[in-house]
Structures are given as structure tokens and as C-alpha cells.
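Okay, so here's the structure we're looking at.
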Amino acid sequence: MKKTIGLVAAVLFGATVAFVGAAPASAATPPLRFHGAQYDSPGSDTGSNTSLNAEWISLINTGASAVNLKGWTIRDKAGHVYTFTSDYTIPAKNGRLWVHTGKGTNNAQNRYWWRSWYVWNNTGDTAYLRKPSGAQVDTCTWGNKSGRTWVGC
């Protein structure tokens with residue numbers, strides 16, 4: 001009987017230690033997240049479509065399943081919102097997507113916001129990725145750096 005009680009106590013203690021030591025689910029890196037941002041278009045900010053499209057934010061899906069982005073949003077601190085209005089699936093296992101500020105033709109890896117002026121502030125900003133429910137999935141924040149930030153925004 002003592003051996004059984006000792007064994008049960010050891011198992012329960014081990015489970016408690018494992019549970020307490022585990023990181024909370026919210027701390028885990030989401031499989032669909034921001035990968036990088038070019039928030040300061042190279043050259044002068046002329047507002048040309050070429051310059052606007054050189055400003056972008058990118059997503060990466062490191063998960064095992066593709067994700068349909070219909071209804072998902074990307075927004076900045078000032079309230080500019082890009083909504084994926086149609087079915088678009090970002091592939092699993094490192095599928096990437098770039099959302100450009102200017103005008104263009106959507107394709108497998110590029111989406112266009114169709115804005116006539118820049119979205120991302122050169123001196124610092126935050127991008128928010130949200131599900132159709134409004135639940136926030138990821139953020140990407142930067143200060144006044146080199147004009148581009150990568151993984152670990």
C-alpha cells in the first residue's frame with residue numbers, strides 16, 4: 001500500500017511540476033503571423049504607385065494546415081484596415097504572403113491594399129493581425145529603425 005501511495009504521489013507531483021513549468025498557450029508563437037514589414041519605402045516618399053508598393057507587410061504560415069484568410073484583417077495604430085474580402089488560402093509549411101500598400105493585381109503571393117498614400121509610419125507603428133471574429137492573432141511593432149524589420153517583428 002505504501003508503495004502505491006508513494007507512486008501516486010510521485011506521479012501527481014511530476015504532473016504538477018510539468019503543468020506549472022509549461023508555457024501558457026497564449027505565449028506560443030502562432031503558426032500564422034507577421035513575418036516582416038518594409039515600412040519605409042526605399043527612396044523619397046513621392047506617393048507614386050511604385051513607391052507605395054515598395055511599402056509592404058508580410059505574413060508567414062508555419063503551421064501544418066493551410067489557412068483561408070477570408071474575413072481576416074491587418075490594421076495599423078491609426079485605424080487603416082485591410083480586409084481579405086475573398087477566399088485566399090495561404091499554404092502550410094512556410095507559405096508567405098505580401099500585402100502591398102498601393103495598387104496592383106492580386107496573385108498567389110501578393111495582395112494589394114489599393115491605398116493612395118502610405119499606411120505604415122516610418123518613425124514607428126504597430127500592425128495587428130485579426131481573425132474574422134476580431135480575435136487578435138499577432139502584432140508587429142517597430143520604432144525608427146532601418147526601414148525594414150524581419151522575423152520577430
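Pro91 falls short on exactly one of the conditions (1) out of contact with any strand residue (DSSP E or B) (no Cβ under 7 Å at 6 or more places or on another chain); (2) free of Cβ contacts under 8 Å to residues at least 60 places away in the same chain, and that condition is (1). The residues of segment 89-124 that are in a strand (DSSP E or B), modelled with pLDDT of 95 or more and farther than 14 Å from Leu32 by Cβ, listed by number, are Trp98, His100, Asn110, Arg111, Tyr112. Considering segment 101-153, the residues that are aliphatic (A, V, I, L, M) and in contact with a Ser or Thr (Cβ under 8 Å, 6 or more places away or on another chain) include one that is farthest from Pro30 (Cα to Cα), namely Val119.
Looking across segment 125-153, the residues that are modelled with pLDDT of 95 or more and more than 16 Å from Ser58 (Cβ to Cβ) come down to Arg130, Lys131, Pro132, Ser133, Gly134, Ala135, Gln136. Scanning segment 29-62 for residues that are among the acidic types (Asp, Glu), modelled with pLDDT under 95 and surrounded by 20 or more Cβ atoms within 10 Å (Cβ to Cβ) yields one hit, Asp40. Among the residues making up segment 127-146, those that are of a type outside the set (A, V, I, L, M) and surrounded by 15 or more Cβ atoms within 10 Å (Cβ to Cβ) are Tyr128, Arg130, Asp138, Cys140, Trp142. Identify, please: which residue in segment 63-82 is surrounded by 15 or more Cβ atoms within 10 Å (Cβ to Cβ) and of a type in the set (Val, Ile, Thr) and is, among those, farthest from the chain's Cα centre (by Cα)? Filtering segment 63-82 for residues that are surrounded by 15 or more Cβ atoms within 10 Å (Cβ to Cβ) and of a type in the set (Val, Ile, Thr), the one farthest from the chain's Cα centre (by Cα) comes out as Val67.
The values are calculated or read from the model by the stated rules, or taken from the named source; none is laboratory data. All of these numbers come straight from a predicted model, not from anything done at the bench. Here the Cβ is made from the backbone with ideal geometry for all residues, glycine too, and neighbour counts use every protein chain on show.
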